[in-house]
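Below is one structure, written out as structure tokens, with a few remarks after it.
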Amino acid sequence: MRRRAVTLSNLPALMGLAFAAACSPGTEGAGSGDGTLEGRITITGSSTVAPLMGEVARRFEAEHPGVRVDVQTGGTSRGIADVRRRVAQIGMISRGLRPEEEDLDAVAVALDGITLIVHRDNHVATLSHDQVVDIFTGRVRRWDTVGGREAEITVVSKADGRATLELFLDHFGLRRDEIHPSLVIGDNQHGIRSVAGDPAAIAYVSIGTAAFESSQGRAIRMLPLDGVEPTLAAVQSGEFPASRPLNLVTFGDRSPPVQAFLSFAASERVQDLVEAQYFVPAPR
């Protein structure tokens, strides 16, 4: 299944237009007199969640032709900021809510985890917890130090504002300023392209995204984390050590189209889409 295209709109001018549209009467829409939903829904945030929401939006629009759903990426932090500013009606976040985010309401749509990836020609079978820390902090700079070929390691890390970075730091007990990357990326796709094009690279990305891209022939390979294979079964059972919920968040009252979309996105009617993106359906 092809992933639906999503857009990245960070320019201030476009943000201003989105804000004006979000605040104008009828932008979110409502139910018409005959019960038909009408309006437009803007969803922004996590690049991990966006491909799934793109597919969900396509199916939702087919059932509700009076509603248009615009899915944009930009990271978990953007999703939260946009709903608070009412630039977007729904934010996508690839983690749970924090105590300071009690003003938001969350709906879980799937479960995921983060995995280390290397080029498929990299023959290092596994890395210990300490070896990963040493690689990303710059104490180990060559693959032959950890049993690989003679090559300098290309360390690929996430930009600030990405939930994948936050989970990686939390799992390995690191601070942001301790990471010494060769390359800083935004979304998961950027990380996968970087590793697929560089036999000496290592990165951490969504399990679902990595599994999907690997199934499409991308030249990447997932490594175990703390000895646990990065599989959907391990995420579902809770065995995988770096698992996370994928949530949709809102701020304040929900319009009828937004409420309908959230209910649809968390229902069994899209479970096939969740599984096709190599995520685990959220418990219901």
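Data table
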read-out	value
Residue match in segment 212-228 (condition: within 15 Å of the chain's Cα centre (by Cα), in a helix (DSSP H, G or I) and either crowded, with 19+ Cβ neighbours inside 10 Å or basic (Lys, Arg) (or both))	yes
Failed criterion for Thr137 (all others in (1) out of contact with any Gly (no Cβ under 9 Å at 6 or more places or on another chain); (2) at pLDDT 95 or above; (3) buried (at least 17 other Cβ atoms within 10 Å of the Cβ) hold)	(3)
Some residue of segment 244-256 being touching a strand residue (DSSP E or B) at 6+ places or on another chain (Cβ under 8 Å) and more than 30 Å from Val69 (Cβ to Cβ)	no
Cross-chain or 6+ apart pairs with Cβ under 6 Å, segment 256-284 first and closer than 19 Å to Pro51 by Cβ, then of a type in the set (Gly, Ala, Ser)	Val274/Ala110; Gln277/Gly208; Tyr278/Gly208; Tyr278/Ala211; Phe279/Ala110; Phe279/Gly208; Ala282/Ala108; Ala282/Ala110
Inter-residue pairs, beta-carbon under 7 Å, first closer than 13 Å to Ala201 by Cα and in segment 137-163, second aromatic (Phe, Trp, Tyr), 6+ apart	Arg149/Trp143; Ala151/Trp143; Ile153/Trp143; Val155/Phe136; Ser157/Phe136
Boolean, Leu248 is over 20 Å from Phe168 (Cα atoms) and touching a residue at least 24 places away in the same chain (Cβ under 8 Å)	yes
Conditions (1) surrounded by fewer than 20 Cβ atoms within 10 Å (Cβ to Cβ); (2) of a type in the set (A, V, I, L, M); (3) closer than 20 Å to Asp130 by Cβ; number of the one not met by Leu167	(1)
Among the candidates Arg254, Arg284, Arg244, Arg193, residue that is of a type in the set (D, E, K, R) and part of a strand (DSSP E or B)	Arg244
Selected residue [surrounded by fewer than 21 Cβ atoms within 10 Å (Cβ to Cβ) and in a helix (DSSP H, G or I)] from Asp160, Asp198, Asp177	Asp177
Some residue of segment 71-91 being surrounded by fewer than 16 Cβ atoms within 10 Å (Cβ to Cβ) and not assigned by TED's automatic domain parsing to the domain that holds Asp198	yes
Failed condition for Val155, given (1) in contact with a Leu (Cβ under 9 Å, 6 or more places away or on another chain); (2) surrounded by fewer than 20 Cβ atoms within 10 Å (Cβ to Cβ)	(2)
Test: Leu116 is more than 30 Å from Arg269 (Cβ to Cβ), surrounded by 15 or more Cβ atoms within 10 Å (Cβ to Cβ), free of Cβ contacts under 8 Å to residues at least 12 places away in the same chain and touching a strand residue (DSSP E or B) at 6+ places or on another chain (Cβ under 6 Å)	no
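The values are calculated or read from the model by the stated rules, or taken from the named source; none is laboratory data. The model shown is predicted, which means the values in this text are computed figures rather than measured ones. All Cβ positions, even for glycine, are placed from backbone atoms using ideal geometry, and neighbour counts span all protein chains on display.
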